Amino acid sequence: MPNKNNDTLILGIETSCDDTCAAVVKNGREILSSVVSSQNEIHEKYGGVVPEIASRKHIEMIDIVIKEALLKAAAAPGKISMVAVTNRPGLLGSLLTGVGAAKAFCYYNQIPLIAVNHLKAHIFANMLAYDDISFEAPAEYISLIVSGGHSSIYIVDSNLKMTEIGHTVDDAVGEAFDKIARYLGLGYPGGPVIDKISKDANPHFIEFTRPMMESGDFNFSFSGIKTALIYRTKKFPELMNEKNLPDLAASFQAAAVDVLVHKTIRACKEYKLDRILISGGVAANSRLREEFAVSAPENNIKIYIPPVNLCMDNAAMVASLGYFEFIRGNTSNLDIDVYSRTHF
Ligand code: KG4
Ligand code: ZN
């Protein structure tokens, strides 16, 4: 399976939402290429992703993106040892495009297919950024995944098994960022723009209640902060004055981030683990990164957080996870669909 240099090249494919992504990764850890074709501009005018448009655009782009990834990696198709593809969770029409392309590539080149879980793949963005992460037994990590669709805390063990210990009971945190940005007229996606305008703003402009901060479990709630902001600005319309927008954004961001950091650190203490793998689009958030950078060392905890470009959806993380699933014997049949459970 590996080539004559004993290297394994994995082609990763990711189309679970609105980005068409392909990447070539060596031995699960080294990115040779990572191509992302974003649809943000298309969906921006609708204020969110339109699934039907997303899947059509994936069909237009998938071959182009795969070819570019191979070209950038200087890897002919025959040099690829296996293909890893996200087959769940995500938008079904979008997933189908990537899964179909992966199957065709594997069938033609007679190489193994590894269908992977998108959330678990986010965690493996860290494998591409740090050399000292290993899933050899008895390694166990706390993992915080914060994206547009999920906000959960897991324990990940050496079999790559993820046990969820907490999740959002309403909106995902990225979804809350996007909805607040839309309400404030800041565009889509909301996270990056809220992050940017909050930089020099006052996070104490409105002291929002930190929802479920002391609930005793590891669950989250973010829609309450959004509702509180909407009620407050409806009651006092002058708050929506343009000059206040950065302070409103910063106040929301501070409330959301405080809860995420507090609960993740507490999970480490309760489960007596001292390493946290953080990932997902919201892991790009500057305030989240800063708060973890302060409170983790205070609690003798080490944090791993990918560089910003690897926090967003990409196929390099999919290829990395695919490799580590493969060496554990977890491959998929060519009749895999977008509903099938992967190794999770
Ligand atoms: O992981 P991702 O690229 O796609 C999903 O799997 O959902 O995450 C996208 C989410 C969006 O909700 C976006 O607003 C949010 O990540 N996001 C951010 C930042 N950059 C992206 N949220 C807060 N701060 C950021 N800097
Ligand atoms: Zn994602």
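Remarks
- Nearest 10 degrees, 0 to 90: helix 173-183 Cα axis against the chain principal axis: 60 degrees
- The Cα atoms of the chain define a convex hull whose projected area, averaged across directions, is 17.0 nm².
- Kirkwood hydrodynamic radius over Cα pairs of the range 59-138, then Stokes diffusion coefficient at 25 °C and 0.890 mPa s, in µm²/s: 172 µm²/s
- Antiparallel DSSP beta bridges within the chain, percent to nearest 5: 60 percent
- Calculated on the Cα set of the range 1-115, radius of gyration then Dmax: 14.3, 50 Å.
- Farthest towards the positive end of the charge dipole of the range 194-271, among the residues His262, Phe208, Ala228, is the Cα of Ala228, using unit charges on the Cβ of Lys, Arg, Asp and Glu.
- Computed from Cα atoms, the angle from the helix 223-235 axis to the main principal axis of the chain rounds to 40 degrees.
- Sorted into 10 angstrom bins from 0, the C-alpha pair distances of the range 190-344 split as 9, 30, 31, 20, 9, 2, 0 percent.
- The range 305-325 and the range 78-101 have Cα centres lying 14 Å from one another.
- For the range 185-270, the calculated P(r) over all alpha carbon pairs, in 5 Å bins from 0 to the bin holding the longest distance, is 3, 14, 23, 24, 18, 10, 6, 2, 1 percent.
- Taking only alpha carbon atoms, the range 1-60 gives an Rg to Rh ratio of 1.17, where Rh is the Kirkwood radius.
- Pairs of lysines in the range 44-189 whose Cα atoms sit within less than 18 Å of one another amount to 7, provided the residues are eight or more positions apart or on different chains.
- Taking each DSSP H run with n ≥ 4 as -39500 (n - 2.57) and averaging over every residue of the chain yields -13000 deg cm²/dmol at 222 nm.
- Under the combined filter of DSSP loop state and at most 14 neighbouring Cβ atoms within 10 Å, the range 241-331 retains these trypsin sites (Lys or Arg not before Pro): Lys272, Arg328.
- Between the Cα long axis of helix 286-298 and the first principal axis of the chain there is an angle of about 90°, rounded to the nearest 10.
- Per-q log10 I(q)/I(0), the range 107-249, q = 0.16, 0.18, 0.20 Å⁻¹ (Debye; single scatterer per alpha-carbon; no solvent): -0.96, -1.09, -1.22
- Considering only Ile197, Ile153, Ile114, the Gaussian network model of the chain with Cα springs below 10 Å gives its largest mean-square fluctuation to Ile197.
A short reminder: the numbers here are calculations on the coordinates, not readings from a lab. What you see is a predicted model, and the numbers here were worked out from it, not measured in a lab. Positions of Cβ are backbone-derived with ideal geometry, glycine not excepted, and every protein chain shown enters the neighbour counts.
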